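This structure is in structure tokens; I'll ask about it shortly.
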Amino acid sequence: MTPRFTRRQAWQLGAVLLGGFVVGRAAHWFTPVGRDIGRSDTVAAILDGTESPESGPNDATLSLAVFSDYRCPACRTAFPALEAALRGDGKVRVIYKDWPIFGAASERAAQVALASAAQGIYPAVHRALMMDDRKIDDVMLQDVVTGAGGDWTRVTRDLARDGTAMMNRLRENGREALSIGLTGTPGYLAGPILQLGALDSAGFARLFARARAEP
């Protein structure tokens, strides 16, 4: 026979479930996001970002280095949440650290993205590559570049001329990632706070707040 609850028991059960949900959400909110790795010369060099594409306002109050791969499922899942958090904050400078660890297609996409930076369209290309579910090949990459307002012929020409320098940049991104303790993508370095793994938009907001609160 299926047990039947009295009204009082049903209210008590509901209160227990609601209390557990509230406690769980509170624990989630107050659990620190990321870990403090200090303001070393390595961290400063990564956040300087002079050799990497970047975006954000001139009056940004926080720098965020994003280590990602265009074929990384967690990177792609987190991307809309990161966009939402960046829009909500409005004062974050993003430094893009392409780290292609998912094979040849990832590497090709990262090279094309870096080549697009010379045309001033890297952020648009980066976004399209994160949001496009198609198989990564040159047909898809050409569509992404032209859709972002770029010239595919120029991209291929720049790749032929500067491909070695671009590969060196990607390798350096990997060395930087490993030097701060990242073991995979995505990784986010906000000031001295390192976050490994995807976050939701609220989590990114908490990451920004913690980074700004560090002395």
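Which condition number in (1) under 18 Å from Pro32 (Cα atoms); (2) outside any strand (DSSP E or B); (3) open to solvent by 10 Å² or more (accessible area, probe 1.4 Å) is the one that Phe208 fails?
(3)
Could I ask something else about it? For the stretch 36-74, give me the residue count where each residue is among the hydrophobic types (A, V, I, L, M, F, W, C), open to solvent by 30 Å² or more (accessible area, probe 1.4 Å) and not in a helix (DSSP H, G or I).
The number of residues fulfilling the criteria is 2.
May I ask you to verify whether Phe102 is part of a loop (DSSP other than H, G, I, E, B), under 21 Å from Tyr188 (Cα atoms) and within 16 Å of the chain's Cα centre (by Cα)?
Yes.
Now, a different point. What are the residues in the stretch 75-91 that are surrounded by 13 or more Cβ atoms within 10 Å (Cβ to Cβ) and out of contact with any strand residue (DSSP E or B) (no Cβ under 9 Å at 6 or more places or on another chain), if any?
Listed by number, the residues that qualify are Thr77, Pro80, Ala81, Glu83, Ala84, Gly88.
Since Ser116 meets every condition but one in (1) without any contact (Cβ under 8 Å) to a residue 40 or more places away in the chain; (2) over 23 Å from Asp158 (Cβ atoms); (3) crowded, with 20+ Cβ neighbours inside 10 Å, which condition does it not meet?
(2)
Give me the pairs, please: first residue somewhere in the stretch 187-215 and of a type in the set (Asp, Glu), second residue anywhere and open to solvent by 30 Å² or more (accessible area, probe 1.4 Å) and not in a helix (DSSP H, G or I), beta-carbon distance under 7 Å, and either six or more positions apart or on two chains.
Glu214/Asp36
Sticking with this one: Could you tell me whether any residue of the stretch 61-82 is closer than 18 Å to Val155 by Cβ and within 16 Å of the chain's Cα centre (by Cα)?
For the stretch 61-82, residues closer than 18 Å to Val155 by Cβ and within 16 Å of the chain's Cα centre (by Cα): present.
The values are calculated or read from the model by the stated rules, or taken from the named source; none is laboratory data. Owing to the predicted nature of the structure, the values given are computational and were not obtained by experimental measurement. Glycine also receives a Cβ, built like all others from the backbone with ideal geometry; neighbour counts cover every protein chain displayed. All accessible areas refer to the heavy atoms of the entire protein, side chains included, with ligands and DNA or RNA removed. Shrake-Rupley method; radii C 1.70, N 1.55, O 1.52, S 1.80 Å.
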